[in-house]
Amino acid sequence: MTAPLPKSLHRESLDPDTLDRAERQPRPPPAGDEPLLALEGVTVTFAKARGFIDAVTGQTPPKVRAVDDVSLAIAPGETLGLVGESGSGKTTIARAIMRLSPPDRGRILFRGADVNALAGDDLRRFRREVQMVFQDPYSSLNPRLGIGAAISEVLRFHDIVPVGEVDEEVVRLLSLVGLSPEMRHRRPRELSGGQRQRVGLARALAVRPKLLVLDEPVAALDVSIQAQVLNLLHDLRRNLGLTMLFVAHELGVVRHMCDRVAVMYLGRIVETGSRDEIFDAAAHPYTQSLLKAVPRLEPEKRHRKPVLEGEIPSPIALPPGCRFQSRCPRVADICTTEPEAVSLSADHTAACHFAGR
């Protein structure tokens, strides 16, 4: 059983200019004034592997700032897209929210409570209300358990339904994500990638969460299967009122799914704004370069030369000032100083000296 393929998610949807007009219309603002999730100055570092020279000299290996002073907020009912190249820190933020990579500095607040200070019943409640769906659905499923047993395990641990209703709830959850009841007797290796991702969603939804953290949920799937999973996420969000953090690198997918977008580069947020502000009026040179790199079907919009040139700085030895300066086509002497975030509208900010000029 599969969901219908949205017209706007065929292969040409990789080009934002070919999205249906209906997909371009702004969505209603999310309900509520207080953010459901907020990151305040979050920094996450990892120690570099100890090398031979470090061992001989007794030096402490340098630390890499995977996430550096990041602040974000997600309102109830909103889908925030987090985009950037590989290594920009997107997945680290997702893992930090789930307490898998605790921050060295800063706070992560869920419903106003510091996530890393939760314990006991409060922590258990947080783990029910915030669920993560991983990029590789196979690695997140126990290969020895049948699909029904994997979902039942979650229902029983969190006491979601009475014991006598567990089997019925498993069938309901599978139906919710577009899978037949017979699927509960199969093991992960017997399912396709799209079916596994749907099982991962069913297991996440079993505890009736308020927030879904989606880490590249369709990156490993074929385009047609991507469309089915994204269509499913749309329906789940509308029917269940879910809030989502959507981590991705495919901009066509982000434009289809998200209300707001945050762009990351080398651990920092360089631009945030509504979907239309980012895709139609990007202000940071990095965001503009990402948009120019999206494949185009029209010959006149294809680029013969690389959109981005220059070397990516080492995360261990970042340059002073703007981190994008070694690749920026607008680089100037002022870029050796740290740029402040410029407010271009109520929701649109860009960390660039030339933003708004």
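What follows is calculated from the coordinates using simple rules that are stated; it is not laboratory data. Everything numeric here is computed off the predicted structure, so don't read it as measured data. Every residue, glycine among them, receives a Cβ derived from its backbone with ideal geometry; neighbour counts consider all protein chains shown.
What whole-number distance in Å separates the alpha-carbon centres of segment 94-146 and segment 312-357?
32
Which value at 222 nm does the chain reach when only helices count, each DSSP H run of 4 or more adding -39,500 (n - 2.57), with the total divided by all residues and rounded to the nearest 500 deg cm²/dmol? Don't jump to the answer; show the numbers that get you there.
Details: 11 runs with 102 residues, N = 357.
Calculated mean residue ellipticity at 222 nm is -8000 deg cm²/dmol.
Name the long-range amide H neighbours of residue 79: under 5 Å, sequence gap of 5 or more, or other chain; modelled H, no Pro or chain starts.
For residue 79, whose amide H was placed from the backbone, the distant partners under 5 Å are 244, 259, 260.
In terms of Cα to Cα distance under 20 Å, which aspartates and glutamates are near enough to residue 48, apart from those fewer than 8 places away along the same chain?
Counting by Cα, and skipping residues close in sequence, residue 48 has these aspartates and glutamates nearby: 68, 69, 104.
Under the 0.36 nm per residue contour assumption, what length would be gained going from the current alpha-carbon distance of residue 60 and residue 314 to full extension? Each step should come with its number before you reach the end.
Values: separation 254, 0.36 × 254 = 91.44 nm, distance 1.80 nm.
Here the answer is 89.6 nm.
What is the spin-label model distance, in nm, from residue 145 to residue 48 if the labels are put 7 Å beyond Cα along the C-beta direction?
Rounded to a tenth, the inter-label distance reads 4.0 nm.
What ratio of Cα Rg to 2.2 N^0.38 Å holds for the chain?
Working: Rg = 21.4 Å, N = 357, 2.2 N^0.38 = 20.5 Å.
Computed over Cα atoms of the chain, the ratio equals 1.04.
Modelling each spin label as a point 7 Å along the Cα-to-Cβ direction, I'd like the residue 123/residue 292 distance in nm, to one decimal.
So the two model labels end up 4.9 nm from each other.
Report the gain in length on full extension from residue 116 to residue 69: 0.36 nm times residue separation, minus Cα-Cα distance, nm rounded to one decimal. Spell out each step's value before the answer.
Details: separation 47, 0.36 × 47 = 16.92 nm, distance 1.66 nm.
Gain in length upon complete extension: 15.3 nm.
Could you rank the peptides 144-152, 104-112, 279-287 by their average count of other C-beta atoms within 10 Å per residue, with the highest value first? Mind dumping the intermediate values first?
Working: 144-152: 18.4, 104-112: 16.2, 279-287: 21.4.
Sorting 144-152, 104-112, 279-287 by mean packing, highest first, produces 279-287, 144-152, 104-112.
Just want the ordering: 259, 159, 122, from fewest to most Cβ atoms lying within 10 Å of their own Cβ.
Details: 259 22, 159 9, 122 12.
Neighbour counts put them in this order, fewest first: 159, 122, 259.
In whole Å and largest first, what semi-axes does the C-alpha gyration tensor of segment 181-306 yield when each eigenvalue is scaled by 5 and square-rooted?
Values: eigenvalues 193, 68, 31 Å².
Taking √(5λ) for each eigenvalue gives 31, 18, 12 Å, largest first.
Along Cα→Cβ, 7 Å out, is where each label goes; now give me the distance between the ones at residue 159 and residue 107 in nm to one decimal.
Computed distance between label sites residue 159 and residue 107 equals 3.0 nm.
So what's the gap between the Cα centers of segment 278-294 and segment 215-274, to the nearest angstrom?
A separation of 17 Å, based on Cα centres.
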